[in-house]
Structures are given as structure tokens and as C-alpha cells.
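To start, the structure under review is shown below, and the notes come after it.
The values are calculated or read from the model by the stated rules, or taken from the named source; none is laboratory data. Bear in mind the structure is a predicted one, so any value in this text is a computation, not a measurement. With ideal geometry, Cβ positions are generated from the backbone for all residues, glycine too; neighbour counts draw on all protein chains shown. With ligands, DNA and RNA removed, areas are computed over all heavy atoms of the protein, side chains included. Shrake-Rupley method; radii C 1.70, N 1.55, O 1.52, S 1.80 Å.
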Amino acid sequence: MNPRFAHDLRRGDGGIVAGADEAGRGCLAGPLVAAAVAFDYPSWTDADFAALDDLDDSKKLTRARREQVFAGVVVLAARVAVVSCSPASIDGRGLHVCNLHALDRTLALLGPVRGPVFVDGFPLRTSAVAHEALVGGDGLSAAVAAASIVAKVTRDRLMVALHARYPDYGFDRHVGYSCVEHRKAIVEHGVSEIHRMSFASVAYQQLGLDL
């Protein structure tokens, strides 16, 4: 069994466990997406645990493998919530504020959980939902790892769809993260409506933008 399940079963006393995580925090373009997932472990069979044995930090899985695990998570999750923060919101309110708000909102949308709720990384100090912050949570908790995958796959799909509207930037390949290809495209074509202007990118500086 994946050790993340052992963590959840131990901490949740064999009951329901929820986790929350985000994707897109370090991107130059596109939204930040947060997700929360609740697993009702008492309803699972051995086959259900085996079906998600590949649960891992979303960044450690290939895009194809994430899609496969995502499909399993959606089938087995008792509840899933997803929240997106636009680039304009990130620029106006600040990345960290948006990140905490999005995570808190996913927990609120998930509804009451009769068991522990884990959030990757940061405690949500103003949240009305009781939770525990887990540093490196996607490596410890299956529920957090599942939320990581839901957030990442949801965001990647959105960026691939946005590639049709902004074909000059390669969003279908790098999904808005900083890389040589993306920075070159910014220098050549300028910034788009979905680029985050609050990030001090070298490519932005080369355009002479006042950030």
C-alpha cells in the first residue's frame, strides 16, 4: 500500500480524511488553481487502494500518468472542490494572499468533514475550517497528494485550452511556467492578457516593463 494511505488511515483513525493543495504558484502566466479532496476510507475496498497506488506529488508524475491518476481520484473521492484565482487577482491582491484564499475557499466548498483536514504547506490562519498544515503534505498524505493532482491537471487542461487563444507562447507545452521557450516568446511577442505582471521575470525586464 502507498505509505500516504497509511498516514491518512492512522491520523484519521480509519475514517474520512481531506486534503488541499495548489498548482501554478510559480507560473508567469495563467491562474493559480487550488483543490481539496475528501476520501471516505471506510467505504473503500482493497482494490480501491490498489487503484491509487501511484498517488504522488503531481510534479513527480508525467502528464499522462497524472491524467490516469486524476481519473481514479475523481471516481473514488467522496467530494472534490476546485477554486481558480485569475492573473489579475494575483497581481491586485498578491500571490500569497490569493493562494491562502483559494485553499481556504476549497475547504469551505468541500463542506464539513468528519475527520482530519490537511493543507499542504501553509496554515490558513483566518479559516473557519479546522485543519492542520503539513509541510511537504503531498509526500505524506494521500488526500493532499490527490488534491495536488486535481489542481495540477485542472490547471494544465485550462492552459492547453488557452493555447488556442494565445498560440504564440507555447502554453500547451509549458503551461505558463518560466522556461527558455516561454521567456523568448515574451521577448518576441510581448505579454498577453493572462501574464502575471507582478512577477519580476527577466523577460519582462528585457521589454523595459516597469514592474
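Listed values, structure above:
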{"read-out": "Cα-centred dipole magnitude for segment 5-135, charges only on beta-carbon of K, R (+1) and D, E (-1), debye, nearest 20", "value": "380 debye"}
{"read-out": "Per-residue HN-Hα couplings for segment 47-53 [Karplus 6.51, -1.76, 1.60; θ = phi - 60°; Hz; x = Gly/Pro]", "value": "5, 5, 4, 5, 5, 10, 5"}
{"read-out": "The chain - Cys residues lacking any other Cys C-beta under 4.7 Å", "value": "Cys27, Cys179"}
{"read-out": "Sequence-distant residues sharing a close amide H with Ala133 (under 5 Å, placed H)", "value": "Val119"}
{"read-out": "Per residue accessible area in Å² of the chain, where ligands, DNA and RNA are left out and the probe is 1.4 Å", "value": "46 Å²"}
{"read-out": "Segment 118-131 - phi-based ³J(HN,Hα) in whole Hz, Karplus 6.51/-1.76/1.60, Gly and Pro as x", "value": "10, 10, 5, x, 9, x, 9, 5, 9, 6, 7, 9, 5, 7"}
{"read-out": "Fully extended contour minus Cα-Cα distance, from Leu109 to Ala50, at 0.36 nm per residue", "value": "18.4 nm"}
{"read-out": "Surface accessible to a 1.4 Å probe, Tyr166 within the full protein complex, Å²", "value": "30 Å²"}
{"read-out": "FRET efficiency, 1/(1 + (r/R0)^6) with R0 25 Å, evaluated for Val75 and Ala130 via beta carbons", "value": "0.35"}
{"read-out": "Arg10 paired with Arg93, simple spin-label distance in nm, labels 7 Å along Cα-to-beta-carbon", "value": "3.6 nm"}
{"read-out": "Anchor Lys184: aspartates and glutamates whose Cα lies under 13 Å away (excluding residues fewer than 8 positions away in-chain)", "value": "Asp168"}
{"read-out": "Percent of beta bridges antiparallel (DSSP, the chain, rounded to nearest 5)", "value": "75 percent"}
{"read-out": "Structure-based [θ]222 nm, the chain - -39500 (n - 2.57) summed over DSSP H runs of at least 4, per residue, nearest 500", "value": "-13000 deg cm²/dmol"}
{"read-out": "Base-10 log of normalised Debye intensity for the chain (one unit scatterer per alpha-carbon) at q = 0.07, 0.15, 0.16 Å⁻¹", "value": "-0.22, -0.89, -0.98"}
{"read-out": "Rg and Dmax of segment 144-187, Cα atoms only, in Å", "value": "11.7, 37"}
{"read-out": "For segment 9-81 versus segment 168-201, the gap between their alpha-carbon centres in whole angstrom", "value": "28 Å"}
{"read-out": "Calculated SAXS-style log₁₀ I(q)/I(0) at q = 0.24, 0.30 Å⁻¹ - segment 21-76, Debye, Cα scatterers", "value": "-1.09, -1.33"}
{"read-out": "Compactness index (Cα Rg / 2.2 N^0.38 Å), segment 1-100", "value": "1.22"}
{"read-out": "Within the chain, longest stretch free of exposed trypsin sites (Lys or Arg not before Pro) [DSSP loop, at most 11 other beta carbons within 10 Å]", "value": "1-113"}
{"read-out": "Whole-Hz ³J(HN,Hα) from phi, Karplus 6.51 cos²θ - 1.76 cosθ + 1.60, for segment 82-89, glycine and proline x", "value": "9, 9, 10, 10, 6, x, 5, 5"}
{"read-out": "Rg/Rg_ref, segment 1-53, where Rg_ref = 2.2 N^0.38 Å and atoms are Cα", "value": "1.44"}
{"read-out": "Rounded to the nearest 20 debye, dipole of segment 58-211 from Cβ charges on Lys, Arg, Asp, Glu", "value": "400 debye"}
{"read-out": "Percent accessible area from carbon and sulfur atoms, the chain, protein chains only, probe 1.4 Å", "value": "54 percent"}
